[in-house]
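A short worksheet on the structure shown next.
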Amino acid sequence: APAGPRQRFDAMISGEERIEPRDWMPDDYRATLIRQIAQHAHSEIIGMQPEGNWITRAPSLKRKAVLIAKVQDEAGHGLYLYSAAETLGVDRAELLDLLHEGRQRYSSIFNYPTPTWADVGAIGWLVDGAAITNQVPLCRCSYGPYARAMVRICKEESFHQRQGFEILHVLARGTPRQRAMAQDAVDRWYWPSLMMFGPPDSESAHSGKSMAWRIKRYSNDDLRQRFVDIIAEQVRALGLTLPDPDLAWNAERGHYDFGAVDWAEFTAVLKGDGPCNRQRIEHRRAAHADGAWVREAARAHAAKQADRAAA
Ligand code: 3HC
């Protein structure tokens, strides 16, 4: 009997072919992509808040210009990703409602505060660094629109990571207070950045299917290990330390051993009990309400264009 749609889908996945919006796909493949891409998009726009907090207080015009460019990039990443999600038949307005109602997630990492300028450096180096480690494999994800969005996003993330590393490099060679400020920021962002990779593989609800469908290319623990191996070397170039007494090169494994992540903290932050969860969502809801007139104007303009085209 000729291959049915599911056989064709399975053959495309195992043949490393891209699934495109018009291809038949199982409902749960579609659903898990909507879930992940929406959460990824929400993370990008919520992620604008911790850093945006420093645009008016950046220590120099150069730092201000670089930070404005980075925050604008995050907004653009959100738009690429909402567009990728819309190819699966959802509408971004619907996804934003789910975010505002707390029914869709964004990355736990953005629920932490940014009390000093050094946080902008630690976020660039650690948070964008972790994002790159997670996003490079997603460039080979089986769903075409998501993989293509990732290619563009990864190029910009590299600039984000470099500017963060450079901020910390300068502070670490500054006055003792500047050096202490850089070390304090690294101490606060290290463990939360390891949590960005998700729960341990044993606790991961979606990894099995996500890897079978070649959405997730490496497991949560594998990418977390890859990230630790990278920053354990880079922190030496910074002349700073990571707040992990168990961090040590394991020649047998060919990787760095590192300490136990506090999964109780991770679970609490996901439940909404992180330091900034409420503030982030309130700020987001307020920004959405303040932007209603722009959406109104865009709709009116589109309607006028349509009338003109029809006339
Ligand atoms: N924050 C919030 N929720 C998380 C999380 C985190 N750090 N890690 C896992 N979760 C959630 C998952 O969403 C899932 O919950 P759900 O069923 O309600 O969606 C649950 O915890 C179990 O985790 P799984 O490992 O089973 O889930 P996934 O297979 O989806 O893996 C993931 C989690 C690795 C984060 C994966 O979703 C992924 O790769 N997402 C794309 C990357 C992304 O979202 N990155 C955001 C980082 S910030 C960013 O990119 C901005 C940059 O500019 C700095």
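Six or more apart or on different chains, Cβ atoms under 7 Å: show the pairs whose first residue is in segment 203-217 and more than 20 Å from CYS139 (Cβ to Cβ) and whose second is within 6 Å of the ligand (Cβ to nearest atom) and not small (Gly, Ala, Ser).
SER204/ASN220
Being in a loop (DSSP other than H, G, I, E, B) and within 15 Å of the ligand (Cβ to nearest atom) is the filter here; which residues of segment 212-256 pass it?
Step one: filter segment 212-256 for residues in a loop (DSSP other than H, G, I, E, B), giving 213-219, 239-247, 251-254.
Once the filter is applied, which keeps residues that are in a loop (DSSP other than H, G, I, E, B) and within 15 Å of the ligand (Cβ to nearest atom), segment 212-256 yields TRP213, ARG214, ILE215, LYS216, ARG217, TYR218, SER219.
Does ALA131 satisfy the criteria of being at pLDDT 95 or above and farther than 19 Å from GLY198 by Cβ?
Details: at pLDDT 95 or above: yes; farther than 19 Å from GLY198 by Cβ: no.
So ALA131 does not fit the description; no.
Could you check, for segment 189-196, whether at least one of its residues is away from the ligand (no atom under 14 Å from the Cβ), touching a Ser or Thr at 6+ places or on another chain (Cβ under 7 Å), more than 25 Å from ARG140 (Cβ to Cβ) and modelled with pLDDT of 95 or more? Let's see the steps before the verdict.
The first filter runs over segment 189-196 and keeps only residues away from the ligand (no atom under 14 Å from the Cβ), leaving 190.
Right, trim to touching a Ser or Thr at 6+ places or on another chain (Cβ under 7 Å) and you get none.
So far as segment 189-196 goes, no, none of its residues is away from the ligand (no atom under 14 Å from the Cβ), touching a Ser or Thr at 6+ places or on another chain (Cβ under 7 Å), more than 25 Å from ARG140 (Cβ to Cβ) and modelled with pLDDT of 95 or more.
Quick grid of which residues meet (1) closer than 28 Å to GLY272 by Cβ; (2) buried (at least 24 other Cβ atoms within 10 Å of the Cβ); (3) near the ligand (Cβ under 10 Å from one of its atoms); (4) not acidic (Asp, Glu):
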{"residue": "ALA93", "(1), (2), (3), (4)": "yes, no, no, yes"}
{"residue": "ASP97", "(1), (2), (3), (4)": "yes, no, no, no"}
{"residue": "HIS100", "(1), (2), (3), (4)": "yes, no, no, yes"}
{"residue": "PRO115", "(1), (2), (3), (4)": "yes, no, no, yes"}
{"residue": "LEU138", "(1), (2), (3), (4)": "yes, no, yes, yes"}
{"residue": "CYS141", "(1), (2), (3), (4)": "no, yes, yes, yes"}
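If you check SER158, SER193, which single one turns out to be assigned to a helix (DSSP H, G or I) and surrounded by 19 or more Cβ atoms within 10 Å (Cβ to Cβ)? Reasoning before the result, please.
Details: SER158 fails: surrounded by 19 or more Cβ atoms within 10 Å (Cβ to Cβ).
Within the list SER158, SER193, the selection yields SER193.
The values are calculated or read from the model by the stated rules, or taken from the named source; none is laboratory data. Being a predicted model, the structure only gives us computed values, none of them experimental. Reconstructed Cβ throughout: ideal geometry from the backbone, glycine too, with neighbour counts over all protein chains shown.
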